[in-house]
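Presented below is the structure to which this report refers.
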Amino acid sequence: MQVTKHNVVLINYTLKNDSGEVLDTSSGGDPLGYIHGIGNLIPGLENALEGKKKGDQLQVSIAPADAYGQKEAANIKAVPRNQFPDPNSLEVGMQFEADLGEGPRVFTITGLEDGEVMLDGNHPLAGETLHFSVEVLDIRKATAEEISHGHVHGHGGHHH
Ligand code: ZN
């Protein structure tokens, strides 16, 4: 069986940035289960996994265009501090979800001035080239229910 659309793929992975720093890994925890071909993973990683078999290992470097895109200046905004419910509790690095007119997204506070809060709505990995090591642990067909939910049930996925 190969990795192809609507198969459930169970992987172990480690993600590093250009400096070799580990950003994320399944090592030490549960492997990741995902449904191939429906956008569960970033496009560059799905493309690299297409056609792979159980036991295959791969190293892949993914440019921002096939990962989380470039950082865009339009996603960085200054918002008056008095628009926050608890303005004195704000700290640089805090993250929260807000809808500033383009749908909900996660913002990180990158600066605090007297009257203004600087918010960065870019994905934290935008602009980064991502380096993955991946091992394919298992492949099976997704059930109709998994496909309709858009996620894996059981091992490596949701329990509900
Ligand atoms: Zn479900």
Scanning segment 131-147 for residues that are away from the ligand (no atom under 16 Å from the Cβ) and among the hydrophobic types (A, V, I, L, M, F, W, C), the one most open to solvent (accessible area, probe 1.4 Å) turns out to be LEU137
Those strands (runs of 3 or more DSSP E) completely within segment 1-84 that have 2 or more residues that are touching a Pro at 6+ places or on another chain (Cβ under 8 Å) are 7-16
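When you scan segment 119-130, how many residues do you find that are open to solvent by 50 Å² or more (accessible area, probe 1.4 Å) and of a type outside the set (D, E, K, R)?
2
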Per the list (1) surrounded by fewer than 15 Cβ atoms within 10 Å (Cβ to Cβ); (2) in contact with a Phe, Trp or Tyr (Cβ under 9 Å, 6 or more places away or on another chain), residue check on LEU15 breaks on (1)
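Here is a list: GLY150, GLY111, GLY154. Which entry is away from the ligand (no atom under 16 Å from the Cβ), open to solvent by less than 50 Å² (accessible area, probe 1.4 Å) and either of a type in the set (Gly, Ala, Ser) or under 15 Å from the mean Cα position of the chain (by Cα) (or both)?
Details: GLY150 fails: away from the ligand (no atom under 16 Å from the Cβ); GLY154 fails: away from the ligand (no atom under 16 Å from the Cβ).
Just a single option satisfies the conditions, and that option is GLY111.
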Checking SER133, SER148 in turn, the sole residue that is farther than 21 Å from ASN75 by Cα, among the small types (Gly, Ala, Ser) and in a helix (DSSP H, G or I) turns out to be SER148
Tell me whether segment 101-115 contains one or more residues that are part of a loop (DSSP other than H, G, I, E, B), out of contact with any Gly (no Cβ under 8 Å at 6 or more places or on another chain), at pLDDT 95 or above and more than 19 Å from THR25 (Cα to Cα). no
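The values are calculated or read from the model by the stated rules, or taken from the named source; none is laboratory data. Everything numeric here is computed off the predicted structure, so don't read it as measured data. Using ideal geometry, Cβ is built from the backbone for each residue, glycine included, and neighbour counts are taken over all protein chains shown. Areas reflect the complete protein model, heavy atoms only, side chains present, ligands, DNA and RNA absent. Shrake-Rupley method; radii C 1.70, N 1.55, O 1.52, S 1.80 Å.
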